[in-house]
1. Whether any residue in the range 80-91 is in contact (Cβ under 8 Å) with a residue 60 or more places away in the chain, within 16 Å of the ligand (Cβ to nearest atom), crowded, with 21+ Cβ neighbours inside 10 Å and outside any loop (DSSP other than H, G, I, E, B) is what I want to check.
2. Within the set of pairs 6 or more residues apart or between chains, which connect a residue that is farther than 16 Å from E54 by Cβ inside the range 125-138 to a residue that is away from the ligand (no atom under 12 Å from the Cβ) and in a loop (DSSP other than H, G, I, E, B) with Cβ atoms less than 9 Å apart?
3. Being open to solvent by 20 Å² or more (accessible area, probe 1.4 Å) and outside any helix (DSSP H, G or I) is the filter here; which residues of the range 354-363 pass it?
4. Mind listing whichever residues of the range 141-178 are on the phi < 0 side of the Ramachandran plot, free of Cβ contacts under 8 Å to residues at least 60 places away in the same chain and among the small types (G, A, S)?
5. Restricting to helices (runs of 4 or more DSSP H) lying wholly in the range 257-330: which have 3 or more residues that are among the polar types (S, T, N, Q)?
6. Among the listed residues E30, E54, identify the single one that is farther than 19 Å from I341 by Cα, out of contact with any Cys (no Cβ under 6 Å at 6 or more places or on another chain) and surrounded by fewer than 19 Cβ atoms within 10 Å (Cβ to Cβ).
7. Would you mind finding the one in L391, L404 that is open to solvent by less than 80 Å² (accessible area, probe 1.4 Å) and under 16 Å from the mean Cα position of the chain (by Cα)?
8. Restricted to the range 237-295, and to residues that are within 16 Å of the ligand (Cβ to nearest atom) and among the acidic types (D, E), which residue is farthest from D373 (Cα to Cα)?
Amino acid sequence: MKTIKEIMSQFEITKEQMLQISQDFKKAIEVSLDGKPSPLLMIPSYIGKPSGKESGEYIAVDMGGTNIRVGKFQIGDCKIVKGPESKASLKNEENGYDFTSSDTTGFELYDFIASKMDKLVSPDEELYLGHTFSFATEQTGINDAVLLGWSKEISVQGVEGKNPNHLLAEAIDRRNIKVKPCAIINDTVGTLLVAACTDMNANIASIVGTGHNTCYVEPKHPLTGKPMIINMEAANFDWGLPFTIYDNRLDQNSKKPGKGRLEKMVSGAYLGEVVRLILVDLKQRGLIFGDSHMDESKLVKKDSIDTKMIAEFISNKSSIEQVFSCNEEDVKIVLDFASLIVKRAAQLVASTYLGTLMHLDPELMKEQTIGIDGSIYEKMPGFHDAIKQALKEMTGAKADKIQLKLVKDGSGAGAAVAASMIRI
Ligand code: BGC
C-alpha cells in the first residue's frame, strides 16, 4: 500500500532531472533545425524584432484558449497605446454560444469575431489588422498560416486545415467595414514583439496560461539567413518528462491523447485536473476524505477542479475546507499536492527556458530577458518565484543574468505590432 509521501515523491523533480530536461530541450531545438524528427514543431513566423520605427493605428484580434479580444492600438515612438477593446469569453451559456465545442463552426466563430469590430470601426475608417492565433499552425508567410490542429480542448469544426486569417477576412467582408488582415502570429510571438519594443535583451517569450508555449529569435534562420522568431510549439515537448500515472490518465481522457504532453503538466487547462485525479486516487486508497461529508460531484466529475481553484487553495487554505467539507489533515494533503503540482509545472517550464537559453548562448554569458504572459504566470501564487528558484538551482550565479518579465497583454498588443511591422 503506497503512502501519501510515496505518491508525493513522484512529483518531485531533482536538479539533475531539470538539467537533463534542459539538455534534451536544447537537443530537440537543434535536431529540428537540422530537419530531423523532434517533438518541437519550430514554426517559422516570418517576422523578426521590431525596429522602433513602426507607427499608426491598427486593429488586433486575439484568439486564445479562454477569451477572444478585438481592440484598437496606436503605435509610435516605441510605445503601444491601447484603445477601445471588446472582450468575450469563448463560452457563454447565458448568451447561448460555445466557441470551444465541435457543435460550433468556424463560420460562426469568425462571424462572431467580426461582429465585435462593428462598434470599434466606423464605415469610413480603413484599418489593417494583426491576428494573434494561439494554436499550432503551418506558417508559410506572415499572413499565411493553416491550423494544424486545435489544442486546449477546443474542437470547433471547419477551421483545422484552413487559414484562420482567410476565415476572418471572409467574415469581415460580410460586414460593412474596411478592415484588412495583414499578419497572423502565435501568442508567444506577439509577446516577444511587445517585450522587444522596450528591451533589447528580449530574445525569448513564453505563455503560461490556459496553454503553454515558447518562442525565440533564431539569429540566422535557415530559410532566410536573417533573424526570425521561431514558434517552437513547446507544448508538444515530451522527451524524458517524468510522467506519473495521473499524467497518463489525464492524457488518455483528453481530446488529443499523446499530444501536448508538456502542456498537460504545466498549463491552466490541465493543472486542476491533475490535482483532481490525484485526489480521486487518494480517496479510493482510503488516504483522504475518510470522514468528510463532501459532495462527491466535486471530485468525480472531470474538470470539476479548475486551475482558479488551485490558485485559491494555495492563497487561502480555508477555501479547501469549504470546497471539500474536510478536516485539517485533509486540508493539508490537498494543499501539499496543489503546491507540488504548481512547483513541478514551474520547474518543467524553467528547464525548457534553460534549454532555449543554452541554444542561444551555450555559456550563458549574455543578459537575457524572457517575456512571459498568461494567467498561470501572472496569477498563480509562487509560480514566478518557483521558476526563478529552479533557474538558480540549475545555473547558480548565472541566473542573475536572466530576467523574467511579465508582458501584460503581449498577445493582443503583439498582433498590432506585427501589423505595424508589415505596413512600415
Ligand atoms: C498552442 C500554442 C500556444 C499556447 C499558448 C498551445 O496550446 O498550441 O500555439 O502558443 O497554447 O497559448
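The values are calculated or read from the model by the stated rules, or taken from the named source; none is laboratory data. Keep in mind that this is a model prediction, so the values were computed, not measured. Don't worry about glycine lacking a Cβ; one is built from the backbone with ideal geometry, like all the others, and counts go over all protein chains shown. We work out accessible area using only protein heavy atoms, side chains counted, and drop any ligands, DNA or RNA first. Shrake-Rupley method; radii C 1.70, N 1.55, O 1.52, S 1.80 Å.
1. No - not one qualifying residue is present in the range 80-91.
2. Pairs that qualify, where the first residue is farther than 16 Å from E54 by Cβ and the partner is away from the ligand (no atom under 12 Å from the Cβ) and in a loop (DSSP other than H, G, I, E, B), are E125/I177; H131/N143; F135/V159; T137/N163.
3. P362, E363
4. A145, A169 - these are the residues of the range 141-178 that are on the phi < 0 side of the Ramachandran plot, free of Cβ contacts under 8 Å to residues at least 60 places away in the same chain and among the small types (G, A, S).
5. 318-324
6. Residue meeting the stated conditions: E30.
7. The conditions single out L404.
8. Restricting to residues being within 16 Å of the ligand (Cβ to nearest atom) and among the acidic types (D, E), the top hit is D251.
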